[in-house]
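The values are calculated or read from the model by the stated rules, or taken from the named source; none is laboratory data. Small disclaimer: the values here were computed from a predicted structure and weren't measured. FYI the Cβ positions are ideal-geometry reconstructions off the backbone, even for glycines, and counts take in every protein chain you see.
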Amino acid sequence: MIAFLTYKGILVLIIFTITLAVAAYSTYAERKVAAFLQDRIGPDRAGPFGLLQPLADGAKFFFKEEIIPNVSNKTLFILGPSIAMLTALMTGVVVPWGNELVIGGNTYLLQIADLDVGILYVFGVVSIGVYGIMIGGWASNNKFSLLGAIRASAQMISYEIAMGLAIIALILMTGTLSLREMSLQQMGGVGAHWNFWNVVYQPLGFLIFLVCAFAECNRTPFDLPECETELVGGYHTEYSSMKLGLYLFAEYINMFISSAVISTLYFGGFNFPFMNDLGLSANWITVIGTAFFFAKITFFIFFFMWIRWTIPRFRYDQLMNLGWRGMIPLAIFNIVLSGLISLFVHR
Amino acid sequence: MTLYLFYFLSFVAILSALLVVFSKSPIHSILYLIITFFSIAGHYVLQNAQFLAAVHIIVYAGAIMVLFLYVIMLLNLNKETEPHKTSLAKIAAVICAGSMMVVLVASLKGASYLMAKPGGDIGLVKNLGKVLFDEFLLPFELSSILLLAAMVGVVMVGKQDQRTQILTNTPSTEANKIE
């Protein structure tokens, strides 16, 4: 029992640290990618290539003056960013970061909890994530914050539906709700015992899921909740210092986690091409697989940034049109199609 | 261990349920109701009904409560004082709640032998799916058609709005957009 708890505890600590580190360096990467796409240099003052920029930003956030509006509800004002951060960090629990390691006869799973309902857990946490923005925006007692919060909640609820429907098609195909099972089913890739990743069987589902992930993370082109041209700063207009930092940080963590979930569901998770041909021991395959998983995550984070600096922001009615009239009918069509295919062509 | 967890969750559930009723601000009531839902989901997990717990969180805490919060924010009901109710309304509320309790007690009275054994696996997705698609297929399909109809209805309402907008050719207000 003690050994089990220490192993899980260490795993939680490692994943917590990695999540925070990736989120911190995503802020740096975002500015570098933006600079690259706009033919600029980007941050290069703090440390070599500006690599210490995230630390400098973090320190700046801590030393900024903390302002809590007099009229706001203090408890809820502090609760908002806390919930945003908490829910952002909670999803990492069910993501299979790697296969199992066998050390000294003991098997160590590189996943904190292999829930039977893993994907539903992810959805549950995502659906709670909206409270952070709503409570924060309402407690600010500012019209712009309130509008931002209302937009955020409407947007997240609308896109959650399409996201869930996209996942239903995937569940129809894989026959499991556990993220680890889904990863294991995609074992192989190109090479011996070849096997395609889920994206080959579910291209439409993947597209819907990707668009909805952008909307759930409030990333451009769907960053209406913090649309500067209309709403000053959106839901975090009144926030300053580290509370603002937590909101911004939560967005990057969400981006990291959703990249991880997309990689797991559609891009083979910790599997990589030719993994059965290398003739390495299972432990080495696991280690390389985890490295590949993080490479996939990095690619998707880059993709998030690439889109952000390429496509302009949607208008609010366009966003709702896309969600309700584009994504949901398409997702239902995808379910029907997947059902027919799995009925007539047994995989 | 499980027993202590049960007592803890029950304590949280009952306390926050009482706070839902006694707190003055509607926003606080909703937040306490969310905590109640979480502790009830915890009870489901204790009964090994993970699917039910997850769906409970997604549907109640994640969707319905967000809509409640949404409405209260739009109506701006953040007053600490509530208007005085007439005694007629109070008596009607007591009668309604009392008859609701009678119905609940009557329906749960004979339910003791249906109680799941702790640690049983009836709540796991596989077993639940088998029961739903075998024994309760017709009610399940009917309720899913009902939900689908609601969703199609929403899409249709959205479409109608667009057509009137084009006809009148007026720029929609913020309130229209939110709806």
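Here are some notes:
- Of all residues assigned to the range A:225-241, at least one qualifies as being within 13 Å of another protein chain (Cβ to nearest Cβ), surrounded by fewer than 18 Cβ atoms within 10 Å (Cβ to Cβ) and either among the β-branched types (Val, Ile, Thr) or more than 25 Å from A:PHE270 (Cβ to Cβ) (or both).
- In the range A:114-133, of all residues being in contact (Cβ under 8 Å) with a residue 60 or more places away in the chain and among the hydrophobic types (A, V, I, L, M, F, W, C), the one that is farthest from A:GLY289 (Cα to Cα) corresponds to A:ILE133.
- Check on B:LEU31, farther than 23 Å from B:LEU147 by Cα, within 8 Å of chain A (Cβ to nearest Cβ), modelled with pLDDT of 85 or more and assigned to a helix (DSSP H, G or I): yes
- Some residue of the range A:71-88 being in a loop (DSSP other than H, G, I, E, B), at negative phi, loosely packed, with under 15 Cβ neighbours inside 10 Å and not polar (S, T, N, Q): yes
- Test for A:GLY98: is it modelled with pLDDT under 85 and within 25 Å of the chain's Cα centre (by Cα): yes
- A:SER145 small (Gly, Ala, Ser), in a helix (DSSP H, G or I) and at the interface with another protein chain (Cβ under 8 Å from one of its Cβ atoms): no
- With respect to (1) in a loop (DSSP other than H, G, I, E, B); (2) within 14 Å of chain B (Cβ to nearest Cβ); (3) touching a Pro at 6+ places or on another chain (Cβ under 7 Å), the lone exception for A:GLY132 is condition (1).
- Matching residues, the range A:96-112, being aliphatic (A, V, I, L, M) and in a loop (DSSP other than H, G, I, E, B): A:LEU110, A:ILE112
- Test for A:GLY80: is it under 13 Å from A:GLY136 (Cα atoms) and either under 25 Å from the mean Cα position of the chain (by Cα) or modelled with pLDDT of 85 or more (or both): yes
- The set of residues in the range A:148-180 that are part of a helix (DSSP H, G or I), among the hydroxyl-bearing types (Ser, Thr, Tyr) and touching a residue at least 40 places away in the same chain (Cβ under 8 Å) comprises A:SER158, A:TYR159.
- Only listed residue being under 30 Å from A:PRO273 (Cβ atoms) and modelled with pLDDT under 80, chosen from A:ALA166, A:ALA192: A:ALA192
- Those residues of the range A:285-326 which are assigned to a helix (DSSP H, G or I) and among the basic types (Lys, Arg), in sequence order: A:LYS296, A:ARG308, A:ARG325
- Test: B:GLY42 is more than 12 Å from chain A (Cβ to nearest Cβ) and either of a type outside the set (Asp, Glu) or touching a residue at least 40 places away in the same chain (Cβ under 8 Å) (or both): yes
- Candidates A:SER158, A:SER140: the one that is polar (S, T, N, Q), more than 8 Å from chain B (Cβ to nearest Cβ) and touching a His at 6+ places or on another chain (Cβ under 9 Å) is A:SER140.
- Per the conditions (1) surrounded by fewer than 17 Cβ atoms within 10 Å (Cβ to Cβ); (2) without any contact (Cβ under 8 Å) to a residue 60 or more places away in the chain; (3) in a loop (DSSP other than H, G, I, E, B), the sole criterion not satisfied by A:ALA21 is (3).
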